[in-house]
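The values are calculated or read from the model by the stated rules, or taken from the named source; none is laboratory data. Note that the structure is predicted; figures quoted are calculated from it, not measured. Note that each Cβ is placed from the backbone with ideal geometry, even for glycine, and that neighbours are counted across all protein chains shown.
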Amino acid sequence: MDFIESAKILVPALCGLNLSVFCDDDKTQPLRLFEKQYAFSAKLQPSFTEKGLLSLFEKKGAENILVIRDALDIFAVMIKINKRWILLGPFCTANWNESNAISLLAKNGLGNAELLPYKSYRCGLPVMSEEYIIKIAALLITNTVGNPPRELEIINMAALKLDDLPPQISEAYNDFSQVNRRYAWENDLMDAVRQGQTARALNLLEGNKGLWTGIRFLTDSITDQIAGSCTLRALVRHAAQQAGLTPVFIDALSQEYAQKMHRHTTDAQQLNDLLHQYIAAFCRAVRDNKKKTIQSMSSARFSILSFTLVSLSLWIHYANLMASHANGLEHYSKRKSVRPLSNISCSAGVNAPQDYYRTAASRYKRSVAMLDMRTAYTLPAYLSL
């Protein structure tokens, strides 16, 4: 592997900057892919189209470092080394500013309708210093063909005279179906994790890789792919919390896999395997938590039932004592005897608590509250179980 091939891997990984190589004998397909990914408007960015780049290749030689600036304030740096053209970029030199963007679009014949697509495009590019990229280009020259003097040549596409036709933006950035699909897919994935459905979650991951990796804006570098996986990990964490897992457990498990992805991942296949393990681990934890919840709920129901039966027995006991006391006074008061509660079973109280308490209270001519005081077990509390 020569230095240029190594740079194709190292520059995106270390700087987050795209490095494209176009060989004289095989550049048609790479040029088309570059235009599809990076040309927001062919009219305003002719240097990012297949036709515009071929024109530059023909007109320019290997004596200069070309710095390209288009009408949308997007930059790129180009050099030629032997029979290969190397393009560093595109990149921005300033962070996103909405008021500046609106003015820039208006200046180029675009309106507010194009603001969101332009924001998606521009914010997908790295923000870097122009001088820094020029130094990278000089380093590539030095380590391949020595250090012959090269002059900077500024190519300002914004100064070109354009026709009067309104500019059109690329279909890749004017079509929001992919965005809508990604959000629908994210909802499906979160639902699968909430249910603990490992197979369904992994099938969604495999069937829609192009959505979660954000291929429209991220490079193929492992650094960018790891960054893209952060969104996926966040979705899984959020779904796991909705499923009832505690934040402490979620954070510990997530940190375990984050460490593996950032420290021990060297290629896309390893990252993909770790993502599968990550999702499977959370789905398994959700299922285990649901089992524990069901078991604890069942245990609680048995405890409540046992407590209810004991409390009802005490209730009956004190009600019978009151009945005996009332019967002892019958000789003096000539009142009607009060029947004991022996024919009202505990199970009746469990199955129909309202009728049970109403019958007992009316039979003993005592309020429910008076009997509740004896047992320390209130009717409202029982009826709320």
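Before moving on, here are some points about what is shown:
- Highlighted here are the helices (runs of 4 or more DSSP H) found entirely within segment 197-298 that include at least 2 residues which are basic (K, R) and at pLDDT below 90: 247-263.
- Test: residue in segment 138-151 that is part of a loop (DSSP other than H, G, I, E, B), touching a residue at least 12 places away in the same chain (Cβ under 8 Å) and either in the same structural domain as D25 (by TED's automatic domain parsing) or out of contact with any Cys (no Cβ under 7 Å at 6 or more places or on another chain) (or both): yes
- Considering segment 157-167, and only residues there that are part of a loop (DSSP other than H, G, I, E, B) and out of contact with any Lys or Arg (no Cβ under 7 Å at 6 or more places or on another chain), the residue that is modelled with the lowest pLDDT turns out to be K161.
- So I154, is it over 36 Å from the mean Cα position of the chain (by Cα) and outside any helix (DSSP H, G or I): yes
- Filtered by the rule that a residue be surrounded by 18 or more Cβ atoms within 10 Å (Cβ to Cβ) and out of contact with any helix residue (DSSP H, G or I) (no Cβ under 6 Å at 6 or more places or on another chain), segment 119-137 gives R122, L125, M128, I133, I136, A137.
- Condition check for A76: of a type in the set (G, A, S), in the same structural domain as L19 (by TED's automatic domain parsing) and outside any strand (DSSP E or B): no
- Pair list, Cβ under 8 Å, 6 or more apart: segment 93-107 residue touching a residue at least 24 places away in the same chain (Cβ under 8 Å) and within 20 Å of A76 (Cβ to Cβ), other residue hydrophobic (A, V, I, L, M, F, W, C) and part of a loop (DSSP other than H, G, I, E, B): T93/M128; W96/C123; L104/L72
- The set of residues in segment 253-293 that are closer than 13 Å to Q225 by Cβ, loosely packed, with under 13 Cβ neighbours inside 10 Å and among the hydroxyl-bearing types (S, T, Y) contains only T266.
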